[in-house]
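> Mind looking over this structure? Questions follow.
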Amino acid sequence: MAKPIDDFQSRPRLLLRGLLRRCAWCGDRHAYFVGWFKRQDRCRNCGHGYRRGDSAFELGAITANIILTFGTILLTILVLVAVTAPDVPIGTLTAVTAAIGIIGPALFYPISFTLWQAVDLWMRRPTVQELAGEGDATL
Ligand SMILES: [Zn+2]
């Protein structure tokens, strides 16, 4: 079994980079995306493959997308109710949350990948062999 590397980014830094749509490993802002929806298998700066040998990486990214979208809906409901109580405008609340439910998955698409990459790096430290480009990033 390959040994994980000792010199590792701090976990809050990994998550912050992921939330900012940056490569969690090197922090480059271009990361894996050449457009909002078009991505490539390796970071354009450091060459780190986001899948890291995990064929189900997209499942985690989709889960991150759902959490981001529903978290935004919940936060919107809480703020709107807190600001307008006791006369909560149900029609406006419904329209705003429905719009977030439709736009959110597209808006959070690239962030969900970089955030899940950060969580994956948090849970499974990379090995020296992986960072040297060995292994299959594309699967
Ligand atoms: Zn990178």
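> For region 28-75, which positions are among the aliphatic types (A, V, I, L, M) and at pLDDT 85 or above?
Answer for region 28-75, where residues must be among the aliphatic types (A, V, I, L, M) and at pLDDT 85 or above: 34, 56, 59, 61, 62, 64, 66, 67, 68, 73, 74, 75.
> Can I ask one more? Please work out if residue 30 is over 23 Å from residue 71 (Cβ atoms), in contact with a Leu (Cβ under 9 Å, 6 or more places away or on another chain) and of a type outside the set (Phe, Trp, Tyr).
Working: over 23 Å from residue 71 (Cβ atoms): yes; in contact with a Leu (Cβ under 9 Å, 6 or more places away or on another chain): no; of a type outside the set (Phe, Trp, Tyr): yes.
Spelling it out, it is not the case that residue 30 is over 23 Å from residue 71 (Cβ atoms), in contact with a Leu (Cβ under 9 Å, 6 or more places away or on another chain) and of a type outside the set (Phe, Trp, Tyr).
> Within region 4-23, is there a residue that is among the aromatic types (Phe, Trp, Tyr) and either within 20 Å of residue 107 (Cα to Cα) or under 17 Å from the mean Cα position of the chain (by Cα) (or both)?
no
> Scan region 45-76 for residues that are within 16 Å of the ligand (Cβ to nearest atom) and free of Cβ contacts under 8 Å to residues at least 24 places away in the same chain and jot them down.
Residues satisfying the conditions are 45, 46.
> Is there a residue being out of contact with any strand residue (DSSP E or B) (no Cβ under 7 Å at 6 or more places or on another chain) and part of a loop (DSSP other than H, G, I, E, B) anywhere in region 57-76?
no
> Right, another one. With the checklist (1) surrounded by 15 or more Cβ atoms within 10 Å (Cβ to Cβ); (2) more than 18 Å from the chain's Cα centre (by Cα) in hand, flag the one item residue 115 doesn't pass.
It is condition (2) that residue 115 fails.
> OK, next. Does region 69-78 contain at least one residue that is surrounded by 15 or more Cβ atoms within 10 Å (Cβ to Cβ), of a type in the set (Val, Ile, Thr), within 21 Å of residue 119 (Cβ to Cβ) and touching a Pro at 6+ places or on another chain (Cβ under 6 Å)?
yes
> Given 8, 37, 108, 33, which one is within 13 Å of the ligand (Cβ to nearest atom) and touching a residue at least 40 places away in the same chain (Cβ under 8 Å)?
Just one listed residue meets the conditions, 33.
> Another question, if that's okay. Pairs needed: first member in region 15-28, touching a residue at least 24 places away in the same chain (Cβ under 8 Å); second member anywhere, of a type in the set (A, V, I, L, M) and within 9 Å of the ligand (Cβ to nearest atom); C-beta distance under 6 Å; at least 6 residues apart or different chains.
That search, which allows pairs on different chains as well, returns 17/24; 18/24; 22/31; 23/31.
The values are calculated or read from the model by the stated rules, or taken from the named source; none is laboratory data. These numbers were taken from a predicted model, which means no experiment stands behind them. Backbone-built Cβ (ideal geometry, glycine too); neighbour counts: all protein chains shown.
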